1. Out of (1) within 35 Å of the chain's Cα centre (by Cα); (2) crowded, with 17+ Cβ neighbours inside 10 Å, what's the single condition that is false for Thr7?
2. Looking only at segment 234-255, decide whether some residue is surrounded by 14 or more Cβ atoms within 10 Å (Cβ to Cβ), hydrophobic (A, V, I, L, M, F, W, C) and under 20 Å from Ile69 (Cβ atoms).
3. For segment 109-145, how many residues are under 24 Å from the mean Cα position of the chain (by Cα) and either farther than 22 Å from Lys76 by Cβ or without any contact (Cβ under 8 Å) to a residue 12 or more places away in the chain (or both)?
4. Of all residues in segment 257-277, count the ones that are at pLDDT 75 or above and either of a type in the set (Val, Ile, Thr) or not assigned by TED's automatic domain parsing to the domain that holds Ala288 (or both).
5. Does Thr87 fit the bill of being among the β-branched types (Val, Ile, Thr), closer than 25 Å to Ala182 by Cβ and either crowded, with 22+ Cβ neighbours inside 10 Å or under 15 Å from the mean Cα position of the chain (by Cα) (or both)?
6. Report yes if some residue within segment 189-200 is modelled with pLDDT of 85 or more and among the polar types (S, T, N, Q); otherwise report no.
7. Given the options Arg208, Arg219, Arg173, name the one that is within 30 Å of Ser122 (Cα to Cα), in a helix (DSSP H, G or I) and at pLDDT 85 or above.
8. Could you identify the single residue in Ala46, Ala38 that is farther than 29 Å from Leu218 by Cβ and assigned to a helix (DSSP H, G or I)?
Amino acid sequence: MLKIYRTKDQQLTRTQAFEEGCWVCLTAPSPDEIRKVATTLDIEPADLQAALDNEESARISLEDGYTLILVDIPIKEQGSSEGVYTTIPLGILLTQQLIVTVCSVDTPVLADFSACRVRSFSTRKKMRFVYQILYRAATIYQQELRLIDRRRQALEANLSGQLEDKDLMELHRLESTLVYFATSLRANNTVMDRLTRYKRLEQYPDDRELLDDVIVELRQAIEMTSIYRDDIKGTRELFSAILDNRLNNAMKYLTSITLIMAVPTVISGLYGMNVNADSMPFVGSGAAFGIVCAIIGLVCVAAAWVLHKKHML
């Protein structure tokens, strides 16, 4: 989808022409739309398509007549539970006249701009627009990181209940999400460092404060990712320890029950031996069977009491 915006009198309006000071927004563009933008603005089609490749890494490159900036943004995985995300590229191309954004999905990073929910937003101030996009991406990272941590806390609160395989799989997916976030945030931070050093990109003194805010938010998101990865690692180790403890308890109970069940087996086995009947106790008594059963019961109860005292049953 191709949309062209421009700000006039602090209002964002749609337009059909590629005018100076416009914002060209490409969302999951078709090949015809890519060719149209590339031909009109003299941009390599491959640079527009780079943002549509999920395997592209964050980078910045200076081309003839324009600058390509690729950053990673978070997106929720379809069909996954809460807190499971991946990252996709967002392309920003700066020409002499306007700015172009390319993304494979309708991302909330850009939705706030098209809905005019960002203060001091102007399509004419290209570098400020870039910094605002990066700032918005960093804040969304932090929002999703907090959701991931809340989901981890919910799984941890269920430790006293019945642990299931899906809980362990979800914890693994959360940890994988944090790995993606850590990699993408470090790459974005590298792009940010290079972006501030390029003399070719026009910088305004008024944007310095916004630039500092972007750097702070990125670093905070990186620190949050590191902390939450450590938390999930601790939760995973706690899961493992609890499962091992439950297995040990189960084996302890089974061993105790096996010992108790061995008592009647041994006694009945003795009475089943092929020996002189006169040498077996209670053979001459009519209540021999009841006496033997009573002895078996008493020995089993005594064994169970001893095992219980030793916390094995």
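The values are calculated or read from the model by the stated rules, or taken from the named source; none is laboratory data. Computed from a predicted model, the values in this text were never measured in an experiment. When we count neighbours, we look across all protein chains shown, and the Cβ atoms used for this are built from the backbone with ideal geometry, even at glycine.
1. That leaves (1) as the condition not met.
2. Scanning segment 234-255 turns up no residue that is surrounded by 14 or more Cβ atoms within 10 Å (Cβ to Cβ), hydrophobic (A, V, I, L, M, F, W, C) and under 20 Å from Ile69 (Cβ atoms).
3. Final tally of qualifying residues: 2.
4. Qualifying residue count for the region: 7.
5. Here the answer is yes, as Thr87 does meet what is asked.
6. yes
7. One residue alone meets the criteria, Arg219.
8. Numbers: Ala46 fails: farther than 29 Å from Leu218 by Cβ.
Step by step, each of Ala46, Ala38 is checked, and only Ala38 is farther than 29 Å from Leu218 by Cβ and assigned to a helix (DSSP H, G or I).
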